[in-house]
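The values are calculated or read from the model by the stated rules, or taken from the named source; none is laboratory data. Everything numeric in this text was worked out from a predicted model, so none of it was measured. Here Cβ is always computed from backbone atoms with ideal geometry, including for glycine, and neighbour counts include all displayed protein chains.
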Amino acid sequence: MDPPPFQESTRCDVCKCSFNTFRRRHHCRCCGRTLCAEHSSDQMALPQFGLHSPVRVCSNCYNDSSRSVKSDGGASVNGVNSVTDSVSRLDISTQSSSDTTQSGAAVGNPNCTCGMPLCICEVQSNDDVAPVQPKPVPTFTAPKKVDMAPRSRGSSSSKSSAGQSANSGSEKPLADYEVNGEGLREAIKNGDFFAVRKLLGEGVDANYSDKQGLSLLHLAAVFNQTDIAFTLLENGASLDYKNLQGETPLDCAPVTLQFKMKKKMEEIKQSK
């Protein structure tokens, strides 16, 4: 069976965010939908398409596959239970009378002379005979769920948290940057919050933009830099500025950061 063809869309099929230089387009190998990296982070093998190594899939396909694995596991358990039920219903009352009237050898006395079902002869001591150890009863253990999520994802959020944690310990810029818009761009990319605050205090324009029309607030939104975005807004950065694709900083920000930036802008307007 061939895998489904990839859909070609300019926006993510889940969150409807548009693709640009910093947000790349991806596809689910199971259903073919167009997705952003955040909504196609799961991975699993697709043997039905000849893909035996883990490949990128969407969360819907991954969860559907997990539910089918669980249902198969439940069927196997039920199969074991049905076998044990059938064994428990076996009729053992049809044993031959010869088995119930065996000599004392059946009860552990090979030298029986009375011939009674329950031998009353004296049993020889078997101190030298090793006791028979009962066989261990096998137990059924459910298969462990394998976490197919990638261990290391080069996301901008991890870089931002690393940069801000380093700043929080020293409260000093991580490096020396040029006192201009490009220097401020580099500080935002590195998540250097204190350098951003320092450069803005030295007069760098908070509405600086590059040749592609990306403003500093666009860059902070793409890299998910909440504190830096707040600082830019406090220093007059505009939420309405659009890049060459017609996107505002809110269009480039994740959903959570969008909400925070809107709320921050309302607080700034109320304070004026």
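If you check Leu199 against the conditions, is it in the same structural domain as Leu250 (by TED's automatic domain parsing), aliphatic (A, V, I, L, M), farther than 21 Å from Glu247 by Cα and surrounded by fewer than 18 Cβ atoms within 10 Å (Cβ to Cβ)?
So Leu199 does not fit the description; no.
With respect to Gly191, is the statement that it is surrounded by 22 or more Cβ atoms within 10 Å (Cβ to Cβ), assigned to a loop (DSSP other than H, G, I, E, B), modelled with pLDDT of 85 or more and not aromatic (Phe, Trp, Tyr) true?
Here the answer is yes, as Gly191 does meet what is asked.
Which condition breaks for Gln164 when tested against (1) under 24 Å from Ala37 (Cβ atoms); (2) modelled with pLDDT of 85 or more; (3) part of a helix (DSSP H, G or I); (4) in contact with a Gly (Cβ under 9 Å, 6 or more places away or on another chain)?
For Gln164, the failing item is (2).
Can you confirm whether Glu171 is surrounded by fewer than 20 Cβ atoms within 10 Å (Cβ to Cβ), farther than 23 Å from Cys17 by Cα, modelled with pLDDT under 85 and charged (D, E, K, R)?
yes
Let's see how each residue does on (1) more than 24 Å from Phe223 (Cα to Cα); (2) at pLDDT 90 or above; (3) aromatic (Phe, Trp, Tyr):
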site: Val14; (1), (2), (3): no, no, no
site: Thr34; (1), (2), (3): no, yes, no
site: Glu38; (1), (2), (3): no, no, no
site: Phe49; (1), (2), (3): yes, no, yes
site: Pro54; (1), (2), (3): yes, yes, no
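If we keep just the residues of segment 210-221 that are within 23 Å of Gln258 (Cβ to Cβ) and surrounded by fewer than 18 Cβ atoms within 10 Å (Cβ to Cβ), which is modelled with the lowest pLDDT?
By that ranking, first place goes to Gln212.
Could you check how many residues of segment 229-251 are within 13 Å of Ile188 (Cβ to Cβ) and part of a helix (DSSP H, G or I)?
Looking only at that region, the number is 5.
Could you list, in sequence order, the residues of segment 222-261 that are of a type outside the set (S, T, N, Q), exposed (fewer than 13 other Cβ atoms within 10 Å of the Cβ) and over 18 Å from Arg11 (Cβ atoms)?
Within segment 222-261, Gly236, Asp240, Phe259 meet the criteria.
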